[in-house]
Amino acid sequence: MDIVICTYNNAKLLDRVLTAISLQKVSKNCNWTVLVVDNNCTDETADIVDKHINSRLIPNLRRIVETKQGLTYARLCGIKNTTSEWISFVDDDCLLSEDWVDKAIQFTTSHQNCGAFGGKIILDWETTPSPILVTESVKFAACDRGDAPKQLYRGNFHIPGAGLVLRRTALQKSGWLNKQFLNDREGKKLSAGGDSEIVLRILNAGYELWYTPDCVLHHFIPTRRISETYLADMFYGFGIAAPYIATLRWNSSYFIWLSVSILRIIKYFVETVFCAIAALTNTNKKKEAFLKWKWTKGQIDGLFAILTMRGEERMTWLSIFD
């Protein structure tokens, strides 16, 4: 298994991530490596990685620079510069439990048709979050589907990118390596949906998606991200991605996709209006109404962008429905 860590100016947390990886207890017959993809970092990232390379506690640890800015480009770089059949994307703010690698490799050997899987993700808030952030913790990649493995389908397909494990063959057959419809975070821009695109395209290629509670990681949420403004920006980003993701869920029919997308926008718009009315007498509803509006506005902008595509871009997108 190849662990790929994409990072951008997050040296202090990366140091903690690599320290946790150095403490892995892995069976002797398990082969694994770690690649750090430096996405134009200007902080101490290179020094941090060199420190851990010199410690020799992480097998085959190395660093490579990807000059194209953005998580999608960094992930593609990581895939192209590794060779194992199984690739794991571990975020630069995620601390793996000491048996994570061992459990992940065991899972790959026992699920022959699995194309992608993820595990239990526990949030570690640096400062106490407000109640609405706790309620919306799934937006910060929290994931707990219980204490038993579960196969995932179109209705519950999502696997967070923090700790996402992928079969290389499945990625190749999905076509994602050749063309990506969504770009994930670029620097400080909170674009979203790339994880969902990957797993849905793998599902559409005929592979299974799974959740396993045995692979536990802690996702550290720094204070700078613990704000309702940040949450609202994420809502807007996920809203923009929603019509694109729906194409992959309803890829057999353009008209079903368009109908579902329009009806969903109407549904959320109506909910926003009712929530805004309720906020006139209940101040707690103001935040909820604002988040619903950001989500709805994102969906409107995303759908408009798709419907106004021109030329080759539109033809490429329409090919999803073939």
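The values are calculated or read from the model by the stated rules, or taken from the named source; none is laboratory data. As the structure is a prediction and not an experimental result, all values here were calculated from the model. Here the Cβ is made from the backbone with ideal geometry for all residues, glycine too, and neighbour counts use every protein chain on show. Only protein heavy atoms, including side chains, enter the accessible area calculation; ligands, DNA and RNA are left aside. Shrake-Rupley method; radii C 1.70, N 1.55, O 1.52, S 1.80 Å.
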*Please enumerate the residues belonging to segment 38-92 that are more than 17 Å from TRP176 (Cβ to Cβ), of a type in the set (A, V, I, L, M) and either in contact (Cβ under 8 Å) with a residue 60 or more places away in the chain or part of a strand (DSSP E or B) (or both).*
ILE64, VAL65, VAL90
_Any residue that is modelled with pLDDT under 85 and touching a helix residue (DSSP H, G or I) at 6+ places or on another chain (Cβ under 7 Å) - is there at least one of those in segment 192-199?_
yes
*Selected residue [buried (at least 17 other Cβ atoms within 10 Å of the Cβ), in contact (Cβ under 8 Å) with a residue 60 or more places away in the chain and in a helix (DSSP H, G or I)] from LEU182, LEU231, LEU166, LEU209*: LEU231
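The rows are residues; the columns are (1) modelled with pLDDT of 95 or more; (2) open to solvent by less than 10 Å² (accessible area, probe 1.4 Å).
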residue	(1), (2)
GLY78	yes, yes
THR83	yes, no
TRP86	yes, no
VAL90	yes, yes
ILE105	yes, no
LEU123	yes, no
PRO129	yes, no
LYS139	no, no
LYS150	yes, no
*When you go through GLY298, GLY302 one by one, which is the residue that is in a helix (DSSP H, G or I), in contact with a Pro (Cβ under 9 Å, 6 or more places away or on another chain) and of a type outside the set (S, T, N, Q)?*
GLY302
*Just to be sure, is SER110 without any contact (Cβ under 8 Å) to a residue 24 or more places away in the chain and over 21 Å from ILE221 (Cβ atoms)?*
yes
*Specify the residue that is most open to solvent (accessible area, probe 1.4 Å); the eligible residues are those in segment 272-319 that are more than 28 Å from the chain's Cα centre (by Cα) and among the basic types (Lys, Arg).*
ARG310
